[in-house]
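Worksheet: the structure to be examined is printed underneath.
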Amino acid sequence: MLNLYRAELLKIVGNRWVTGFTLWIFPVGALGAVLFVALLALAVDDFAAQFFREPPLWTSAMISAWNFPTNILGQMFLMGLTAVTFAGEYQWGTWKNIIPRRRRTALILIKFLALGTLVLFTFVLMSLILGLGYGLIAQIGGVPYGPAITRTTLAEFARDYSFQAFVTFLTVLITAIYAAFAAMLTRSILGGVMVGLGIVVVEPISTFLLAPVAFHFDWTFLLTIMRLTPTYNINNVTSWVTQNMPNPTIAFYYEAQGLPPPADSLGFSLLVLTGWVVLGIGLILWLFQRQDINS
């Protein structure tokens, strides 16, 4: 299994153009942002005065990196990577090299694991670049780079950071499920990318379209469906980590219907997202076991 995992990682990373424009662009962009801020601080006195008066917190700088893979733009980049990873196997005919059908399950699971861990590594790297980069700028300016490192600060940071990393891992797996489904449907890279991007864009839009339908027909059960969508729960986890409160969007819809608003907890959203991952991967495995990959 370890050899299979290593081979899958090398296969993904070996596609340099795809990984460069869909994955490595994030840490490179973070490095560019830090250098740009440093140059502005050196060249523009007003900017330097404002930046050094209120430099970013190292905790916020590092956690901010995890906002990118969980928003719709970041998911579109990741969809490109995951679509090529799955659809490329069909277009290049490499699925035909799978000899026994019993190895299909292991191969698909390894693909999901390799994608998830590679994306986690990328955004850990991005968060380190942001945290250390802004710290270096603050050091040059001779200003404190808070918050002070204490046991409480580290414990709170570790909790928030791990939750954001975990929800990113789940987000990548959900995106990969969309990509795998699109690849099985189209059997081409272009088709997989287009269908996958369509799902990534339509899912959050359709979530918010449910609200006016619920208002018009008084179908309050649609609000419950909204609470079970990936987009809502990703946003809810982010809201709990960054603001220590549930996502207020769903509360607004419930109050507009004259209903008591739910206060979905962090655990609720993590459980829903985990359910999406387990059911989605299970469906992909079931479909793939029954698919003729030689045709």
Is there any pair with a first residue in region 1-23 that is under 17 Å from Gly116 (Cβ atoms) and a second that is among the charged types (D, E, K, R) and modelled with pLDDT under 85 whose Cβ atoms are under 8 Å apart and which are 6 or more apart or on different chains, and what are they? none
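Give the number of residues within region 6-23 that are under 18 Å from the mean Cα position of the chain (by Cα) and either assigned to a loop (DSSP other than H, G, I, E, B) or within 14 Å of Gly88 (Cβ to Cβ) (or both).
Filtering region 6-23 for residues under 18 Å from the mean Cα position of the chain (by Cα) gives 12, 18-23.
Add one more test, that the residue is either assigned to a loop (DSSP other than H, G, I, E, B) or within 14 Å of Gly88 (Cβ to Cβ) (or both), and what stays is 12, 18-19, 22-23.
The total comes to 5.
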Exactly one condition in (1) over 20 Å from Val195 (Cβ atoms); (2) under 21 Å from the mean Cα position of the chain (by Cα); (3) not basic (Lys, Arg) is false for Thr85; which is it? (1)
Which condition number in (1) outside any helix (DSSP H, G or I); (2) within 25 Å of Met245 (Cα to Cα); (3) touching a residue at least 60 places away in the same chain (Cβ under 8 Å) is the one that Val143 fails? (2)
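In region 24-46, is there at least one residue being assigned to a loop (DSSP other than H, G, I, E, B) and surrounded by 14 or more Cβ atoms within 10 Å (Cβ to Cβ)? First the steps, then the outcome.
Step one: of region 24-46, the residues assigned to a loop (DSSP other than H, G, I, E, B) are 24, 44.
Of the ones still in play, those that are also surrounded by 14 or more Cβ atoms within 10 Å (Cβ to Cβ) are 24.
Yes, region 24-46 contains a residue that is assigned to a loop (DSSP other than H, G, I, E, B) and surrounded by 14 or more Cβ atoms within 10 Å (Cβ to Cβ).
Can we say Pro69 is in a loop (DSSP other than H, G, I, E, B), more than 23 Å from Thr122 (Cβ to Cβ) and not polar (S, T, N, Q)? Write out each step before concluding.
Numbers: in a loop (DSSP other than H, G, I, E, B): yes; more than 23 Å from Thr122 (Cβ to Cβ): no; not polar (S, T, N, Q): yes.
It is false that Pro69 is in a loop (DSSP other than H, G, I, E, B), more than 23 Å from Thr122 (Cβ to Cβ) and not polar (S, T, N, Q).
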Among Thr220, Thr274, Thr238, Thr231, the single one that is among the β-branched types (Val, Ile, Thr) and modelled with pLDDT under 80 is Thr220
Say we look at region 6-17 and pick out the residues that are of a type outside the set (D, E, K, R) and modelled with pLDDT under 85; which of these is farthest from Gly74 (Cα to Cα)? Ala7
Please enumerate the residues belonging to region 39-50 that are out of contact with any Leu (no Cβ under 8 Å at 6 or more places or on another chain) and touching a residue at least 12 places away in the same chain (Cβ under 8 Å). Ala41
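Can you name the residue in region 128-172 that is more than 22 Å from the chain's Cα centre (by Cα) and more than 30 Å from Ala43 (Cα to Cα) and, of all such residues, is modelled with the lowest pLDDT? Give the derivation first.
Of the residues in region 128-172, the ones more than 22 Å from the chain's Cα centre (by Cα) are 132-155.
So of that shortlist, the ones also more than 30 Å from Ala43 (Cα to Cα) come out as 149-155.
Values: Ile149: 85, Thr150: 88, Arg151: 89, Thr152: 89, Thr153: 89, Leu154: 91, Ala155: 92.
So, considering only residues that are more than 22 Å from the chain's Cα centre (by Cα) and more than 30 Å from Ala43 (Cα to Cα), the one modelled with the lowest pLDDT is Ile149.
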Tally of residues being surrounded by 14 or more Cβ atoms within 10 Å (Cβ to Cβ) and at pLDDT 65 or above across region 87-104: 6
Could you check region 204-295 for helices (runs of 4 or more DSSP H) lying wholly inside it with 1 or more residues that are surrounded by 19 or more Cβ atoms within 10 Å (Cβ to Cβ) and touching a residue at least 60 places away in the same chain (Cβ under 8 Å)? 230-243, 266-289
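Test of understanding: among Ser162, Ser188, which residue is under 18 Å from Thr274 (Cα atoms) and among the hydroxyl-bearing types (Ser, Thr, Tyr)? Even if it seems obvious, please write down each step before you answer.
Numbers: Ser188 fails: under 18 Å from Thr274 (Cα atoms).
Result: Ser162 is the single residue among Ser162, Ser188 that is under 18 Å from Thr274 (Cα atoms) and among the hydroxyl-bearing types (Ser, Thr, Tyr).
The values are calculated or read from the model by the stated rules, or taken from the named source; none is laboratory data. What you see is a predicted model; the values in this text were computed from it and never measured. With ideal geometry, Cβ positions are generated from the backbone for all residues, glycine too; neighbour counts draw on all protein chains shown.
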